[in-house]
1. Rounded to whole Hz and in sequence order, give me ³J(HN,Hα) for segment 63-73 from the Karplus expression 6.51 cos²θ - 1.76 cosθ + 1.60, θ = phi - 60°, writing x for Gly and Pro.
2. Lys and Arg at +1, Asp and Glu at -1: add these up for the other residues within a Cβ distance under 15 Å of Tyr13 and post the number.
3. Extension gain Gln6-Cys59, at 0.36 nm per residue separation less the Cα-Cα distance, in nm?
Amino acid sequence: MDALPQICSKYEYLFLTLHLSGSENFTANIDKPVGRMTSGRVLAEPPFNLWPVEEKIICNSPDSGGIIRTTFYKLAE
């Protein structure tokens, strides 16, 4: 995810697939040991602070007590 600023400056669109915790109240963007499903990446929150022009969830799929989510981001007009 360190490459996010370079990606956003170079491309107009981003499709991102991530595993999110199945909990409604998970803590976003924390460093965690591999295998613990209590967090997930949320690009609109620190430290990423992505502010897309448009954001749309394309797909949610249940997996191992969580969700695999694909999100579309329009990065520029």
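Just so you know, all these numbers are worked out from the coordinates, no wet-lab data involved. If you're wondering where the values come from, they're calculated on a predicted model, not measured in any experiment. Ideal geometry is used to build each Cβ from the backbone, glycine not excepted, and the neighbour counts take in all protein chains shown.
1. Once θ is set to phi - 60°, the couplings for segment 63-73 become 7, 6, x, x, 9, 9, 10, 10, 10, 9, 10 Hz.
2. -1
3. 16.5 nm
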